[in-house]
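Inspection log for the structure reproduced underneath, given as structure tokens.
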Amino acid sequence: MPEPSEPTHLSVSEDPEDDGTWGDPEAVFDDLVVAIDGPAGSGKSSVARLVAEGVGLRHVDTGALYRAAALACLQAEVPLDDPTACAEAVARARIERRGDRTFLDGVDVEEEIRGDAVTAAVSSVSAHPEVREQLLYTQRDQLAAGGGVMEGRDIGTVVAPEADVKVYLTASVEERARRRAGQLGRDDVDVLAALIAERDARDGSRAIAPMRPAEDAWVLDTTSAELDEVVAAVIARIHEVVAGVDHEHEEVPADPLAARRSLPRVAIVGRPNVGKSTLVNRIIGTRVVIVEERPGVTRDRTEHLAEWNGRPFVVVDTGGWEHRAEGMAARIVAQAEAAVASADLVLFVVDGTVGALEDDERYARLLRRSGVPTQLVANKIDGEKQEPLVHELYTLGLGEPIGISARHGRAVGDLLDQVVAALPEAPVEIPDESAVPRVAIVGKPNVGKSSLFNRILGEERSIVDPVPHTTRDAVDTMLELDGTPWVFVDTAGMRRHYRRGEDTELYSVDRTRAAIEHADLVLFAIDASEPLGEQDQRLAALLREAGRGVVLVCNKWDLVDEQRRDDLERELDRLLSFAAWAPRVNISAETGRGVRRLVPQLQVVWDNYRRRVPTRALNALLEEVVARHAPPRRGNKQLKLRYATQAEVAPPRFVLFTNGRLPDGYLRYVERSLRERYDFTGVPLLLDDRPPTPHRRRGRRPVGGRQR
């Protein structure tokens, strides 16, 4: 089991200015269970109480419950070696914990249960299985009511073997005797040491729940540590364990790109406005593509992972297929034809309420000649009265059509049954792509995002046109660059103003926001040849709030003259003052100039985004930071930076344990020191001088935007 590399010593801090606070007591980890075990005098109660306060959990003093049980036996005057009599006495008693006080039959007995008589009796009483059974469910019920920090001698092994965090505190017999003597005002430390050693022997050798650490407990020797040091170490341990759970899938799969490519592909094609995107959303189970009651909304080819009855596949949405299309419409058709060429199955969607039109017949002939298996889908069949319309589509020569209503979900399950039956054999599990870095390309309209997207991919995946707002959906594609899988997401540009009724534009903006929130890194593209404007500022504000890794891309650099370069430097200082840490790459997406430098820069930022600083090294650095410039005073209290740990990566989040809130200026000083020691290029850092709550994990803010 893991142990601290250096032993620490526990004693009560004598700093008169230390108020013992550990941050705001709020629900930091809902339902988290922390088990703190150890022998008498190891500091369990004091540590558990302060840890509970520091992380916003309830303190469940199980030792007090057993002491109250022993007191109940003493008051009932039952033989302490009679398990049945003791269990009956405990069953008759009403034992409660209210805050930090213990009540027996409604009477506060907190001081009495700490006396010599109860101390001498509790070990014998608690050794009876019948007594332990009486109290076991009481303890578990308290934990089930919303988690908590519980301390005792068998919490991690018996009471809460599934506890999220297990800590076993220990200390030398002499030190524990010295502490007990201080608590009781006695000077016979040798006598107390003998009593403690005798009790340890009994507790460690009993048949039922012998005192021992759980196999997965973190053992901490408190012989030579201050109380605040131990509390800080345990709180840091809690954050490290929780962070480890959050990132247990941090390793990139062996070959996620190959896993996706191994899945069968289902292309959905058809004339404009027949309901292709509505069907895609129905299959995926969420609104992943834009749907609107007018043709031509979908333009780019988009891919999405789907699953039906345990069979995963990739569904490909396409724009409307139009005959003799020109300009942008022709490029939309080319994207649809590319989807057909790479598909294992084509769903040819027609409007079942209007029958087979001339264009439908023309596309049916193309599909028959392609040799790709095709399922004819008659959409907008909302009820049984429209079923006869389906039979009119046999003339298309694509076999038996199936009538569905993508909007209402009617018969879509039957369609998917036929889809998975027609697909070739493939893996039965959807590949885990959660650890593949996602890179969102964002910028104002017509800044060159799609050109950059296509240049990185090496193919025309997003349609490029001089008309602004060509891209509407967030188009994502996985590919491998220099041996590393990446997911690149092309997004719609954010307009300055919206006119009423423009649902497509509003949804495009929502998709851009969502793409940033779900990304790890962002390529923030600006038009270097034009003055930066309101849209750039709005996007910069989104990036500040999202807390993602950022690479600034100055596109159209071939159009920038000497005067514009000087102006651009001043504009960037104002626009990205919050992200001076963001690297910058000057490119021309149209010619390809400088684009090859982007991927190595992204790799650097991705590595920094997941960087974890060891706790020992972090605290060694903080000692230097405090030695150079100590925290300021707040009123009559000297602020102290006691301890720190890195609670999260992606992006890095550091928790600082202090005796009060640090000024933002001091937090910026700590951040600068971290950046000077470690490479955090392109990455925001979040410094919390209180433990972070899990619901703040997304929507993170860098230092300076600290949540209260």
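Between the stretch 173-202 and the stretch 28-74, how far is it from one alpha carbon centroid to the other, in angstrom? If we compute the Cα centre of each part, the gap is 20 Å. Between Ser262 and Leu559, the FRET efficiency from the beta-carbon distance, with R0 = 41 Å, is close to 0.40. Between Ala194 and Asp100, full extension at 0.36 nm per residue minus the direct alpha carbon distance yields a gain of 30.9 nm.
Direction-averaged projected area, Cα convex hull, the stretch 523-597: 4.8 nm², rounded to one decimal. Distance from the Cα centroid of the stretch 76-105 to that of the stretch 558-575 is 78 Å (rounded to whole angstrom).
Short to long, the 5 Å bins of the Cα pair-distance histogram for the stretch 63-190 hold 2, 10, 19, 20, 21, 16, 11, 2, 0 percent of all pairs. Take the Cα of Asn309, step 7 Å along the line toward its Cβ, and report every residue of the stretch 399-420 whose backbone nitrogen sits under 19 Å from that point. So the set is 400-405, 409-420.
Using Cα centres only, tell me the gap between the stretch 117-162 and the stretch 223-240 in whole Å. Here the two parts' Cα centres lie 23 Å apart. Tell me whether the stretch 611-651 comes out rounded, prolate or oblate; compute the Cα gyration tensor, take square roots of the eigenvalues as a ≥ b ≥ c, and use a/c under 1.5 as the rounded threshold. Since a/c reaches 1.5 and a/b is larger than b/c, the shape of the stretch 611-651 is classed as prolate.
Estimated at the nearest 10 Å², the accessible area of Leu416 is 10 Å² with a 1.4 Å probe.
What the phi angles of the stretch 343-356 give under the Karplus curve with 6.51, -1.76 and 1.60, with θ = phi - 60°, is a coupling list of 8, 8, 8, 10, 9, 8, 9, 10, 7, x, 7, 10, x, 7 Hz, glycine and proline written as x.
The values are calculated or read from the model by the stated rules, or taken from the named source; none is laboratory data. Note that the structure is a prediction, hence the values are computed from the model and not measured. A quick note on method: Cβ atoms are made from the backbone with ideal geometry, for glycine too, and the neighbour counts reach across all protein chains shown. These accessible areas exclude ligands, DNA and RNA; they are computed on the full protein's heavy atoms, side chains included. Shrake-Rupley method; radii C 1.70, N 1.55, O 1.52, S 1.80 Å.
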